[in-house]
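Reviewing the structure listed below.
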Amino acid sequence: MVFIQMYKIEIMINPHEANTLKKNLETILNNDSNSEIIEGVKVLKENFGNHRAKFREVDKFWNNIENEYMNEELNIEEKGLQLDELKMARVIAQGASKATATVMENVDAKLKSNRKHSLYDTPKRTGEIECETAKKTKTTQDPSTLASSTSCDDETEEQDEQIEIDLVDLKKQLEMEPLIEWKVGNINVTRKFRQYQRSVIDKVISYGLKWSDSYEILAFASIIVLSWPCPYSKFFTNREWDQVTRTNPYVIRHPVIPSSISTVLREVAMMHLMGKESHMQSDESKLSKAVARTFNDLCDIPTHSQTKISEELHCDKLFYPYINSLFFGRLAEYEVRLNRTVSGTKKRPDFSCVVDDVPILNSEIKPLGVTPLGKKKDFAKVHLRAKKSVNQQLNLKGGPGEAGLLINMGDEVESFFMDFKYGLYCSWPFHRTRLATDKASMPLIESNFCHFVALEVRC
């Protein structure tokens, strides 16, 4: 009926041809006999075989019919595409976490997989591939060979590479009003940090984003680091920042080890410093055995600290003695992983504690001689991994939503705990010590041991 209605409108200009065409169309539409339909079509062809080329109005009529048919086909095709897109959207939406966290996860993904420079999978040059091969064969190398293998890492770290990132999602996030705000007294931490995030967007648009911008990188992931000095000094006064950081729930408020053990440890460390025989004996307590093993394993550290050594040698001689005596307990409810490749990635976390394949403690370790840029890179990386751990805990188990971070850069040892509240991933300082690296620094073993004991207890 649509064809006939259109025909009536268009063919009024040419009545004779209109009547003939109308009758033939009605024959086609209303007659049930196949032979008559075929005959009607033949007559229509004979009468109008060359008519469309001669008469503009008739040609316009058929053009309208053809256009309507084409539009109908396009509509059908578009509806099909829309249904496909809806199906895809449903698949993508499955497993998504909270809306605020989802946007920032996309930012993390951009940082990790951007075309030119990735947070974890930077395109390898020949020298870097050689370095990675050297690391895989570390167990058969002597200390001098291991020390020389770090030169490639240092050269790579000194290149402050540009990171590309899509700012659209973060802009949309910041345009939305937060569902809940974190306030400490009269200080609206959420709003002040969002102002900082907006300033980071402006900075990236003008100057780009590099590895040295570690706090800016973390801001894209909604990670706020609550340490001193304030990383966001343009947005918080010192008085405000002091008030906020005093709410730290991870402050160590009591002695970590008994004073009797601390006294013995200090005494044997001083004896060792003076060159006297200083093998430490333990009693029957678990803690006493752990501290004796740690001290005795550290007794062969060099007389003078080296300016640069390999990461493997650094861990074996200076770092792992604490881990081996404290984190491999028979009753521990976590699995300890040392320098183990993460399945499906090129990441090699130096040390982690894992429960049900979800890390509850992440670390980054760099040896003596690490560059300032290397420190900033690893600081950002370990925080991003901690955020991922928090999300995994919340999504898979509903809690506790807390992850530890241990950072050893040269002789600096620093730990944090990250939790998620008010839409922000808060990284709280836990403890900071200086690693014993030679005989002159042996008295530092006591503070280091306390640091690792407190970290293990908290995990």
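Remark on LYS366: its backbone amide H falls under 5 Å from those of ASN408, MET409, GLY410, a criterion applied only to residues 5 or more positions apart or on other chains, H modelled at 1.01 Å from N. From least to most packed, judged by other beta carbons within 10 angstrom and beginning with the fewest, SER310, SER285, SER199, SER427 follow the order SER285, SER199, SER427, SER310. Between HIS254 and PHE328, the simple label model (points 7 Å from Cα in the Cβ direction) yields a spacing of 3.0 nm. log₁₀ I(q)/I(0) of segment 284-421 at q = 0.11, 0.21 Å⁻¹, via Debye over equal Cα point scatterers, no solvent, to two decimals? Summing over Cα pairs of segment 284-421 leads to -0.45, -1.35. As a calculated quantity, the FRET efficiency between LYS397 and LYS172 at R0 = 35 Å, using C-beta atoms, amounts to about 0.75. The modelled label-to-label distance between GLU335 and ASP283, using points 7 Å beyond Cα along the C-beta direction, is 3.7 nm. Extension gain, ARG191 to ASP357, is 56.2 nm, computed as 0.36 nm per intervening residue step minus the present C-alpha separation. Cross-link check: pairs LYS192/LYS366; LYS210/LYS397; LYS183/LYS366; LYS171/LYS381; LYS286/LYS387; LYS172/LYS234 evaluated at a Cα-Cα cut-off of 31 Å; pairs beyond the cut-off: LYS192/LYS366; LYS210/LYS397; LYS183/LYS366; LYS286/LYS387.
What is the Cα centroid distance between segment 376-446 and segment 264-334, reported in whole angstrom? When both Cα centres are located, 22 Å separates them. Taking amide H as placed 1.01 Å from N in the peptide plane, ASN188 has no amide H partner under 5 Å among residues 5 or more places away or on another chain. Working note: Karplus 6.51/-1.76/1.60 with θ = phi - 60° gives segment 268-281 the couplings 5, 5, 5, 4, 5, 4, 8, x, 8, 4, 8, 7, 8, 9 Hz, where Gly and Pro are set to x. Distance between the modelled labels on ARG198 and TRP228, one decimal in nanometres: 3.0 nm (7 Å Cα→Cβ projection).
Bear in mind that the values in this text are calculations on the coordinates, not laboratory data. Model, not experiment: these values are computed from the prediction. A quick note on method: Cβ atoms are made from the backbone with ideal geometry, for glycine too, and the neighbour counts reach across all protein chains shown.
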